[in-house]
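All remarks here apply to the structure that follows.
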Amino acid sequence: MTSELIYICAGSGLVGLAFYRLATCRDMLLRVLSLNVLAVGIAILFLASARDAGMTDAVPQAFVLTGIVVLVAVTAALLALAEQIDRQRDE
Amino acid sequence: MSDISLLVLLPLLAAVGAATTPRTSGIWGLTATALTATLAVWLTLDVFQDGARYIAISGWVAPLGIVLVADGLAALMLLMTSGVGVIVAIQAASWGVFPSSCASKDAESLRAGFWPMWLATLGAMNALFLSGDLFNIYVAFEILGLTAVGLTALSGTRSALRAAFDYLSAGLAGSLLLLLGVALAYGAIGRVDLAAVPMLADTIAGRIALAFIVAGLAVKAALFPLHFWMPEAHSSATPVASALLSALVVKGALYVILRISIEGGAGMEALRFALAVMGAAAMLWGAWGALRATRLKLLVAQSTVAQIGLITLAIGVAGDNLQQNGLWQAAALLMLSHALAKAAMFIAVGRIAEELGHDRISGLNRKELRPGAAEFAFAIASVSLIGLPPTAGFIGKWILIDGLIARDAWIWVALILIGTALSAAYLSRVVSRCLRGGPHVAANAHHPAWRIGDITALGLATSALVLGLASALPLGLLEITAK
Amino acid sequence: MSLAFDVLLAFGVVFTAAAALGTHDRVASIAGFVVTGLLVALSLVRLGAPDVALAEAAIGAGLTGALLLRSAWRLKPAESRVSPPIDRIIVALIAVCLSGALAWAVYTAPGAALYPALVSERLAESGVTNPVTAVLLNFRAWDTLLEIAVLFVALILVRIVAPAHPQPVVLGELMLPFARIVVPMCAFLAGHLLWQGASVPGGAFQAGAILAGGSLVLMLGGFAVPTPRLLSWGMMVALLGLAVFAVAALSTEALTGTLLLYPDGAAKIWILMIEALLTLSIAAMLCLLFCGMPRRPLK
């Protein structure tokens, strides 16, 4: 069992957990959290498959880095929307 | 500075400018949109003369670098976006983004938000159409997802914000599916450029990757059954935002599905069949939703679901480029005609709602109000959407049905005809109530006053009509493929 | 030996994620998520991707955790609607099948390893020796440009939607000794990561994120009050990033005829200049995403 397989299992485990939570939960904050966990799982899968005899490929690393930055932007936007929805519900 | 790079960078720079100076954002918006439209025309003429063009960014060719490709299909999409964009932008400028019934103190901050969002949408869509790399397409979709949500959330009402949140969550889920597909594609063949899609379609791992990619795109294109976020989003946005969302933003995802299908070759048959089935289901489901809708905007949004189904059906049955059957050109033409007609419809609906004060379909025939230009624009746009001659919608459907008959695919033909009949049914709900005369109208009925909204809506609707007569031009453009 | 470490780490990642997603206490969920993020960063180091590990720790775990915590206090908890157990069992089964299928698909994928050879061939011409920086700012700089545009649009979206009075709450007296250590360290680390990113793991995004962290400490400690003036300065710096990158792209096209092709031999200088400006801009953008911006006051 190579170390890549271990991390591939971890990554797909995260994807499965996030999918389960997304399908069963209504709370906005928890949904955002699950989407983040989903993205992290995909990131691990990507990089685990990019490993080739000890050296990791530079291009997928750039992809995942871009993905992380994009994800934080979308998360911030989602949370801003959620806060405003909540505030309007108060008024 | 070539036109290809300016097509993306000019709108983005103008977006920065509009964001910095909110008071003059309208000027940034209008000039940038007009300039982008000119660039798109220039590029199209260039492609007509000299064939498809490539730019290898930074001098590195694929697969290491990113390649921008401008062939006939891309040029057509660029023209569509800029053309519809210019007219909708004029509309937005005149309305101040909102119909005049809105409080003026909000109007300025709304204007300040609209223009950067629209310009970023334009830049992102252009980047999408020109891109030749799957990961690049993913990043462009991220921009597009955020700008579309921004356009939805502009009006600030509770339903708009809720719809925007659902839209963004669905968009993120779609993007993650797309990213997962790109990761699997990398795992299968080690590269992610579009030219490698035929290689993907040849292996099992590659086909799974393509399935994930198309699934992510289907979420973004609001294809049934992944369309749940769409009707609310498009109907609670302001009319200008709805026009942009329905007419342009969904086309981005449909374009990429079409592009992948064309490149994919024979290995994608199962995927294409699935697309065709979902498209047919979407046509029927959207029509059902439109028949039951009580509000005008919701009806138009459901009709978008149905039309997206039709376009996806066309992509699914078209097969790949090698079969030389030209059906994928029908899909492209249907995209174009739908963009024109749907933008016209949403602007017309905005005007109708402005005059009446509400947009309930049951309350459309008020005795004191004669039908005005907006109602006529709606009717002409309906003609194109249903697909009656001589509109572009008719030409697209004709090519599609003709090709299907030639292949003895009677079930698909029957489904398309049922879809057409249903669209005639739900659109006539509106048109029959709007356009009335004779004994139904009171003696002292008056015409609503003319506004720019009427002119823009009529302009868009008429171009959908006229495009059918001039359809040789877009079809000729589509012939220019990148090889 | 290292295999045992990997197993432990991977198990930790999945366990903390499950704990974070399973608990009902919001703050505990977010704390669990941050721990998961840090463990994932360690896993990424084990997978040979230190640049990504830095970014995941700073942005994925750190900043995202901060954003979630901020919202956790402002959002009302949703009504807990418990789905019937049979529904949950079905979804759980689907989730298990999904992760199994995914793991199998990724593990058995043949993979052609095209990129490494291409990257190492052309690394010398790229102007830097860190392959990830070369990919981000030379080979695939167009992706990076569009990525800055994503941050820009998110910022505009937050400005449209967000409340009129951003108020990160001042955290109190214990922040002072913490800030005394952390803020100078952040400034130093950011500059260091930016400079060394050309040859070893580091770069603009990581440096920008750390700088943003330092600025947030300043704000949360009450040392820098988010007045409208300060916020609009921050907005200017944030917008500068996309503008400068786009203008740089256009000027490379004017100078050398190809989009984003740096002039011969000057690649390193161009990359460093763009990276420096991007660092400041990314820091401003991430900061503003956290604390929000006032809409233009309508007098």
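Considered as a group, the residues in segment C:232-256 that are at the interface with chain B (Cβ under 8 Å from one of its Cβ atoms) and among the small types (G, A, S) include one that is farthest from the chain's Cα centre (by Cα), and that residue is C:A254. Of all residues in segment B:134-150, those satisfying the criterion of being under 13 Å from C:A149 (Cβ atoms) and touching an Asp or Glu at 6+ places or on another chain (Cβ under 7 Å) are B:N136, B:V139. The sole residue among C:L136, C:L155 that is at pLDDT 90 or above, more than 7 Å from every other protein chain (Cβ to nearest Cβ) and buried (at least 24 other Cβ atoms within 10 Å of the Cβ) is C:L155. Tell me whether segment C:80-90 contains one or more residues that are more than 16 Å from A:A23 (Cα to Cα) and at the interface with chain A (Cβ under 9 Å from one of its Cβ atoms). No, because not a single residue in segment C:80-90 is more than 16 Å from A:A23 (Cα to Cα) and at the interface with chain A (Cβ under 9 Å from one of its Cβ atoms).
On the given criteria, is B:G419 out of contact with any Ser or Thr (no Cβ under 6 Å at 6 or more places or on another chain) and under 18 Å from B:M335 (Cα atoms)?
Yes: the conditions hold for B:G419.
Among the residues of segment A:1-22, those identified as touching a Lys or Arg at 6+ places or on another chain (Cβ under 9 Å) and either facing chain C (nearest Cβ under 7 Å) or buried (at least 24 other Cβ atoms within 10 Å of the Cβ) (or both) are A:S3, A:Y7, A:Y20, A:R21.
Take C:G37 and tell me if it is within 20 Å of A:A82 (Cα to Cα), facing chain A (nearest Cβ under 10 Å), among the small types (G, A, S) and touching a Gly at 6+ places or on another chain (Cβ under 6 Å). So C:G37 does not fit the description; no. Cβ separations smaller than 8 Å between residues 6+ apart or across chains give the following pairs from segment B:4-24 residues that are facing chain C (nearest Cβ under 7 Å) to residues that are acidic (D, E) and surrounded by fewer than 24 Cβ atoms within 10 Å (Cβ to Cβ): B:S5/C:E253; B:P22/B:E108. Answer yes or no: is there a residue in segment C:87-99 that is closer than 29 Å to B:V139 by Cα, surrounded by fewer than 18 Cβ atoms within 10 Å (Cβ to Cβ) and under 29 Å from the mean Cα position of the chain (by Cα). Yes, segment C:87-99 contains a residue that is closer than 29 Å to B:V139 by Cα, surrounded by fewer than 18 Cβ atoms within 10 Å (Cβ to Cβ) and under 29 Å from the mean Cα position of the chain (by Cα).
Results for (1) in the same structural domain as C:V150 (by TED's automatic domain parsing); (2) surrounded by 19 or more Cβ atoms within 10 Å (Cβ to Cβ); (3) under 20 Å from C:A190 (Cβ atoms); (4) at pLDDT 90 or above, shown as yes or no for each residue.
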{"site": "C:M219", "(1), (2), (3), (4)": "yes, yes, yes, no"}
{"site": "C:V225", "(1), (2), (3), (4)": "yes, no, no, no"}
{"site": "C:P228", "(1), (2), (3), (4)": "yes, no, no, no"}
{"site": "C:G241", "(1), (2), (3), (4)": "yes, yes, yes, yes"}
{"site": "C:T256", "(1), (2), (3), (4)": "yes, no, no, no"}
{"site": "C:L261", "(1), (2), (3), (4)": "yes, yes, no, no"}
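Of all the residues that make up segment C:257-296, how many are acidic (D, E) and away from chain A (no Cβ under 14 Å)?
Residues of segment C:257-296 that are acidic (D, E), as a first pass: C:264, C:275.
Cutting the leftovers down to away from chain A (no Cβ under 14 Å) gives us C:264.
So the answer is 1.
Of all the helices (runs of 4 or more DSSP H) wholly in segment C:103-207, which have at least 3 residues that are in contact (Cβ under 8 Å) with a residue 40 or more places away in the chain? Spell out the reasoning first.
Details: elements: C:115-126, C:131-134, C:141-161, C:175-196.
The qualifying helices (runs of 4 or more DSSP H) are C:141-161, C:175-196.
Do the conditions hold for C:A53, that is, is it under 21 Å from the mean Cα position of the chain (by Cα) and aliphatic (A, V, I, L, M)? So that I can check it myself, show each step before the final result.
Working: under 21 Å from the mean Cα position of the chain (by Cα): yes; aliphatic (A, V, I, L, M): yes.
When the stated conditions are applied, C:A53 passes them.
At least 1 residues being buried (at least 22 other Cβ atoms within 10 Å of the Cβ) and under 13 Å from the mean Cα position of the chain (by Cα) is the threshold, and among the helices (runs of 4 or more DSSP H) wholly inside segment B:226-305 those reaching it are B:230-236, B:239-244, B:250-264.
Summed over segment A:37-70, residues that are more than 7 Å from chain C (Cβ to nearest Cβ) and in a helix (DSSP H, G or I) total 9. Within segment B:328-383, the residues that satisfy the criterion of being in a helix (DSSP H, G or I) and among the acidic types (D, E) are B:E354, B:E355, B:E375.
Note on segment B:229-273: residues that are without any contact (Cβ under 8 Å) to a residue 60 or more places away in the chain and either closer than 30 Å to B:L458 by Cβ or not acidic (D, E) (or both) amount to 4. Just one of (1) more than 21 Å from C:L242 (Cα to Cα); (2) crowded, with 24+ Cβ neighbours inside 10 Å; (3) away from every other protein chain (no Cβ under 14 Å) fails for B:D46. It is (2). When A:R51, A:R31 are screened for being basic (K, R), farther than 29 Å from B:T152 by Cβ and out of contact with any Pro (no Cβ under 9 Å at 6 or more places or on another chain), only A:R51 passes. Applying the set (1) at positive phi; (2) in contact (Cβ under 8 Å) with a residue 12 or more places away in the chain to C:P77 leaves exactly one unmet item: (1).
Against the condition of a type in the set (G, A, S), buried (at least 18 other Cβ atoms within 10 Å of the Cβ) and under 26 Å from C:F188 (Cβ atoms), how does C:A248 come out, does it pass? For C:A248, the condition - of a type in the set (G, A, S), buried (at least 18 other Cβ atoms within 10 Å of the Cβ) and under 26 Å from C:F188 (Cβ atoms) - is not met.
Quick one: which helices (runs of 4 or more DSSP H) sit completely within segment B:122-206 and have at least 3 residues that are surrounded by fewer than 24 Cβ atoms within 10 Å (Cβ to Cβ) and either at the interface with chain C (Cβ under 8 Å from one of its Cβ atoms) or not acidic (D, E) (or both)? It would help to see each step written out before you state the result.
Working: elements: B:134-153, B:158-189, B:197-202.
By residue number, B:158-189, B:197-202.
The values are calculated or read from the model by the stated rules, or taken from the named source; none is laboratory data. These numbers were taken from a predicted model, which means no experiment stands behind them. All Cβ positions, even for glycine, are placed from backbone atoms using ideal geometry, and neighbour counts span all protein chains on display.
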